[in-house]
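The values are calculated or read from the model by the stated rules, or taken from the named source; none is laboratory data. Predicted model only: the values in this text are computed from it and were never measured. Here the Cβ positions follow ideal geometry from the backbone for every residue, glycine too, while neighbour counts run over all protein chains shown. The area values use the complete protein model at the heavy-atom level, side chains included, leaving out ligands, DNA and RNA. Shrake-Rupley method; radii C 1.70, N 1.55, O 1.52, S 1.80 Å.
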Amino acid sequence: MKALPFKIPKPKNLGVIYQEDRTPIFYGNFHEHEEIQISCIVNGKGTLVVGDTIHRYSENDVFVIGSNLPHVFKSDISEEKSDSFMISLFFTERSFGSNFFELDDFKELNHFFENASNGFKVLNSYNLVPTFLQLQKASNLERFISFFKIIKQLNSIETLPLAKFIAKKKLSDDSGKRMQTIMSYTMNNFESEISLDAIAEKANMTKNAFCRYFKQRTNKTYFTFLNELRVENACKLLVSNKEISVKEVAYKCGYNSLSNFNRKFLAIKETTPLKYRNAVLQSL
């Protein structure tokens, strides 16, 4: 899946780029960049789309997003006024010299780079979070040293892969802009009905051409992706407000039929909405 190219602002002569995103919402465009991104969510909740898959994120989550891996962090909009806050490190395999990571000293990091290509989420990230927080007041040298400590931990820690399918075909800027239009429209309108006619029109394509285009770049149909997005949002609603009925959740997530919602939820999560809610609430 191609996305808008994005340039990470790079201070001169720094191998590791340190960045703080402290805004009401994170960068809202589906995008990609050459740098590998290591991010810690300090504050905020939302949806992360990486390649062809959809995930929830919340405070203390740590993610690694590979080079040129399309992604977008979309913050939940709530009545609370607290900003979303994310600390990130960016680097490429050539940041310290073209052959730096090919030295024998770094052979044990091969596992990290292999996992990073499709991105991953750290399953038990609490030990990593303090290191990220210390980066805020660290010197460039201290951040450089901490960077290697972080990737050493990421090399052996338990993780969950993010993207399952990454299109290898190079696409034009126009195609990248088209996918950005499709993703933005979907992310902003999935709670309402989206017809094939409407999304194909947004992409400025015929319906048949759009279906082929999306399937080739994501390895799934558009409506499979749309249902996954809606079900992930439903999971959030089911857990965040136990007073809301399953029927109301269905309607809030773009389904006009409770039976259809239950069927899609079961197919994606392999359980019913009610069983999912009870299981999550009992584990809290």
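Assorted remarks:
- The residues of the range 175-201 that are charged (D, E, K, R) and touching a strand residue (DSSP E or B) at 6+ places or on another chain (Cβ under 8 Å) amount to a single one, 177.
- As for the range 75-82, it holds no residue that is under 15 Å from the mean Cα position of the chain (by Cα), open to solvent by less than 20 Å² (accessible area, probe 1.4 Å) and modelled with pLDDT of 90 or more.
- Filtered residues of the range 32-54 (kept if touching a strand residue (DSSP E or B) at 6+ places or on another chain (Cβ under 6 Å), within 22 Å of residue 82 (Cα to Cα) and open to solvent by 10 Å² or more (accessible area, probe 1.4 Å)): 42, 43, 44, 47
- The range 234-246: number of residues that are in contact with a helix residue (DSSP H, G or I) (Cβ under 9 Å, 6 or more places away or on another chain) and surrounded by 14 or more Cβ atoms within 10 Å (Cβ to Cβ): 6
- Hits in the range 95-120 - residues which are open to solvent by 50 Å² or more (accessible area, probe 1.4 Å) and in contact with a helix residue (DSSP H, G or I) (Cβ under 9 Å, 6 or more places away or on another chain): 108, 110, 111
Conditions tested, residue by residue: (1) in contact (Cβ under 8 Å) with a residue 24 or more places away in the chain; (2) on the phi > 0 side of the Ramachandran plot.
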site	(1), (2)
177	yes, no
183	yes, no
194	yes, no
199	no, no
204	yes, yes
209	no, no
218	yes, no
229	yes, no
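- For first residues located in the range 241-255 and over 14 Å from residue 276 (Cα atoms), partners that are among the charged types (D, E, K, R) and surrounded by fewer than 19 Cβ atoms within 10 Å (Cβ to Cβ) and lie 6+ apart or on another chain with Cβ distances below 6 Å form the pairs 254/191.
- When the criteria are applied in full, residue 263 meets the requirement of being open to solvent by 90 Å² or more (accessible area, probe 1.4 Å), part of a helix (DSSP H, G or I), modelled with pLDDT of 95 or more and among the basic types (Lys, Arg).
- Applying the set (1) under 14 Å from residue 47 (Cβ atoms); (2) assigned to a helix (DSSP H, G or I); (3) open to solvent by 90 Å² or more (accessible area, probe 1.4 Å) to residue 231 leaves exactly one unmet item: (3).
- When residues in the range 48-94 are screened for being part of a loop (DSSP other than H, G, I, E, B), farther than 27 Å from residue 13 by Cβ and aliphatic (A, V, I, L, M), 1 of them pass.
- Residue 27 falls short of the stated requirement of being assigned to a strand (DSSP E or B), among the aromatic types (Phe, Trp, Tyr) and either modelled with pLDDT of 90 or more or open to solvent by 20 Å² or more (accessible area, probe 1.4 Å) (or both).
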